[in-house]
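A.B. asks: Sending over a structure as structure tokens; questions will come in a sec.
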Amino acid sequence: DNVTVGSELYLWNTGLAKTRMWLFSDAEDGYVYWHPASKVELALAAEGDGETGENVQIQDFDETSDAQKWKIVKDSSSDHYRLQNKASGKYIGTENNENQKLIKMCEEDASSSLWIMNELKATISLDLKTKYLKVGTTTEAEAVLKNGMGETLANEITYTSSDPEIA
């Protein structure tokens, strides 16, 4: 939960805290930048020369740095992905291929270089103030818009009817 420059990364539980969510932005060269959702002005970077065993840290976002560029590579034998660093060609994994250890740069065949990625999608729901809609009556409705992280967005929906006589 320490999302600051220089922080090293550890695996944690699957709680949906914003400090445990990540966003990708397009680097426009086949790679992406990997940002903490709670501070998109930061990005993940391979530390040092990106050699095997070196740390990955959160750094100030620098779109000129190949150490902050990552390629999302679909694994051909599973539904998993690998994240390859542009500067080093190495993949992100865990120390000694164990859980909850410091995330490190590793070779492609390291068992911890396989990741499951789930896209969190925005939702729109309509809350009707009644169980039944009746012709000729007024029914109140409230639209609830949430982004992929579950945060409520401003309600800017306009309700219109194709036939104001019945709806």
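A.B. asks: What tally of residues in the stretch 23-81 results from selecting those that are open to solvent by less than 60 Å² (accessible area, probe 1.4 Å) and out of contact with any strand residue (DSSP E or B) (no Cβ under 9 Å at 6 or more places or on another chain)?
C.D. replies: Going through the stretch 23-81 one residue at a time, the tally reaches 2.
A.B. asks: Another question about this same structure. Could you tell me whether any residue of the stretch 2-15 is in contact with a Ser or Thr (Cβ under 6 Å, 6 or more places away or on another chain), surrounded by 12 or more Cβ atoms within 10 Å (Cβ to Cβ), at positive phi and not acidic (Asp, Glu)?
C.D. replies: No, the stretch 2-15 contains no residue that is in contact with a Ser or Thr (Cβ under 6 Å, 6 or more places away or on another chain), surrounded by 12 or more Cβ atoms within 10 Å (Cβ to Cβ), at positive phi and not acidic (Asp, Glu).
A.B. asks: Scanning for something out of contact with any Pro (no Cβ under 8 Å at 6 or more places or on another chain), under 25 Å from Asn2 (Cα atoms) and loosely packed, with under 11 Cβ neighbours inside 10 Å, does the stretch 82-94 turn up at least one residue?
C.D. replies: No, the stretch 82-94 has no match at all.
A.B. asks: Ok, one more. Can you pull out the residues in the stretch 102-115 that are in a loop (DSSP other than H, G, I, E, B) and surrounded by 14 or more Cβ atoms within 10 Å (Cβ to Cβ)?
C.D. replies: Glu108, Ala110, Leu114 - these are the residues of the stretch 102-115 that are in a loop (DSSP other than H, G, I, E, B) and surrounded by 14 or more Cβ atoms within 10 Å (Cβ to Cβ).
A.B. asks: Restricting the search to the stretch 118-135, which residues are open to solvent by 70 Å² or more (accessible area, probe 1.4 Å) and small (Gly, Ala, Ser)?
C.D. replies: Listed by number, the list holds a single entry, Ala122.
A.B. asks: Let me ask another. List the residue pairs whose Cβ atoms are under 8 Å apart, where the first residue sits in the stretch 116-131 and is part of a strand (DSSP E or B), the second is polar (S, T, N, Q), and the two are 6 or more positions apart or on different chains.
C.D. replies: Leu128/Thr139
The values are calculated or read from the model by the stated rules, or taken from the named source; none is laboratory data. Since the structure is predicted, the reported quantities are computational estimates derived from the model, not experimental observations. Methodologically, a virtual Cβ is constructed for each residue, glycine included, from the backbone with ideal geometry; neighbour enumeration extends over all protein chains shown. These accessible areas exclude ligands, DNA and RNA; they are computed on the full protein's heavy atoms, side chains included. Shrake-Rupley method; radii C 1.70, N 1.55, O 1.52, S 1.80 Å.
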